[in-house]
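The block underneath contains the structure these notes are about, expressed in structure tokens.
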Amino acid sequence: MKKLISIIALGLAAWGFSAPVLAQDPAASAASAASAPMAASAPAAEASAPAMAATAAPAEAAASAAPAPAPVPNKGDTAFMTIATALVILMTIPGLALFYGGLVRSKNMLSVLMQVFVIFSLISVLWVVYGYSLAFTASNPYFGTLDKLFLKGVTPDSIAATFSKGVYIPEFTFIAFQGTFAAITTALIVGAFAERIKFSAVLVFAVIWFTFSYIPIAHMVWYWDGPDAITDAKSLEAVTANAGALWAKGALDFAGGTVVHINAAVAGLVGAYMPGKRVGYGTESMAPHSLTLTMVGASLLWVGWFGFNAGSNLEANGIASLAFINTVVATAAATLSWCAAESLLKGKASMLGAASGAVAGLVAVTPACGFVGVGGALVIGLISGVVCLWGVTGLKKLLGADDSLDVFGVHGVGGILGALLTGVFASPSLGGLGACDYIANKCGVFPGIGAQVWIQAQGVIYTVILSGVVAFIAYKIVDLTIGLRVTEEEEREGLDISSHGETAYNK
């Protein structure tokens, strides 16, 4: 019996000295990568009691021979990102669809709903076929590779990096979240040429523009190898060389000021020019047929935008909560400033103005929401409401374009304003958070307001030029092949009947 007890005691002691290997945080041993499976092994824990060295040695040898467990996604962050992804879908269908639908004439209501709904579906498919691979794999500063064509190699066990070392989410979650961004960005464009474009032309244009404008801009702004890849100056140099062109420059775009809003708005502005103005523009009433639906759509946009902005943090932590409250504050401030300015100019504040002001605030705070303090978000909102009101009135007249639903006036002007002001209010001296130094593992790094604004301006310039050129070529290709515009008879009848054979309202 004594011999048996001695054997059991020795076995338990050996287990006790090898247990730290199994309890080790798997994140600490992960190899660095972004949006890819991670696996690595960690050295076995050494026995701390010399008297037990001989007994513990076999256990240690076995532990060191076996690889450490692969990093496990954080369940809380995964749940948070799943909800955020669903919210972005909500802001597109039905949010954006109803916002746009209420702004057009009743005879074109279904055509706008159909364009938004089908574009969302189309881009969601293209995203998993090749979009994700080209946007979020390493190759060059402008495009990724086709290594993940049809999501090749991605499994439920694949993980994606976040912005904190050792913290991951499932790669499928990251793919779905980023796919909703691609879809809503392309759908935003339709508001600029609403009520006069062929349905087939819209879809062909969407494929071309998504491939050659959205994907490279997303890669340039958002692709990098992830924080775990950065351990010293040499590794930072390698990560920067691998990253997208604008990320490497230090451009700050938390949730899509350049990638989403400026990108879509410039394509929309080109689309407002290319087919010409609507029949009767300037001589016939083209008032919104249902501001009730527009208000409902704007409200859904506001709610869904919390997934858009807070979700862009990829983690459920304090930065996500900052992005959330900044989205509330900036949007509310822009609504008030638009209404105040409209009252001074026209004597009355309108429901359309309030809804437009809210969207202007949402757009302007998007690139800034996770980088600026609440005070900075408040100022950005107040400024954006007034500036975007000018964008849909004074600037629109100067441009002379029939931008049907003021896509450029709100998303273009608001996006540019927000991108530049991010360079101001991200400064720690103004309550901002700056950027993070992953070598020292601390945040608050900032090159100075002037330097950062110039970096932000470069991001704006890159986006305007690329989107404008790609959009022009895409529209031209469509026009020369299937034609851009419906006939005058079809336009007067309304696109609901002429393009889809149905009406939104049956009396």
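The values are calculated or read from the model by the stated rules, or taken from the named source; none is laboratory data. What you see is a predicted model, and the numbers here were worked out from it, not measured in a lab. Neighbour counts are summed over all protein chains in view; Cβ atoms, including those assigned to glycine, are modelled from backbone coordinates with ideal geometry.
Looking at Thr283, is it farther than 23 Å from Ile380 by Cα and either in contact (Cβ under 8 Å) with a residue 24 or more places away in the chain or in a loop (DSSP other than H, G, I, E, B) (or both)? So Thr283 fits the description; yes. Residues of the stretch 160-192 being crowded, with 24+ Cβ neighbours inside 10 Å and part of a strand (DSSP E or B), which ones? Scanning the stretch 160-192 gives Ala160, Ala161, Tyr168, Ile169.
Count of the stretch 106-157 residues, restricted to those that are among the small types (Gly, Ala, Ser) and either assigned to a helix (DSSP H, G or I) or not assigned by TED's automatic domain parsing to the domain that holds Val204 (or both), is 7.
Looking across Ala251, Ala218, one residue alone is touching a residue at least 60 places away in the same chain (Cβ under 8 Å), outside any loop (DSSP other than H, G, I, E, B), small (Gly, Ala, Ser) and crowded, with 23+ Cβ neighbours inside 10 Å. It is Ala218. Scanning the stretch 468-507 for residues that are touching a residue at least 12 places away in the same chain (Cβ under 8 Å), assigned to a loop (DSSP other than H, G, I, E, B) and not hydroxyl-bearing (Ser, Thr, Tyr) yields Ile482, Gly483, Leu484, Val486, Gly494, Glu502, Ala504. Of the residues Val279, Val296, Val359, Val303, the single one that is surrounded by fewer than 19 Cβ atoms within 10 Å (Cβ to Cβ) and closer than 20 Å to Phe181 by Cα is Val303.
Report yes if Ser343 is in contact with a helix residue (DSSP H, G or I) (Cβ under 6 Å, 6 or more places away or on another chain), part of a helix (DSSP H, G or I), of a type outside the set (A, V, I, L, M) and on the phi < 0 side of the Ramachandran plot, otherwise no. Here the answer is no, as Ser343 does not meet what is asked.
Listed by position, the helices (runs of 4 or more DSSP H) enclosed by the stretch 351-456 that each have at least 2 residues that are within 24 Å of the chain's Cα centre (by Cα) and touching a residue at least 24 places away in the same chain (Cβ under 8 Å) are 351-365, 374-392, 413-425.
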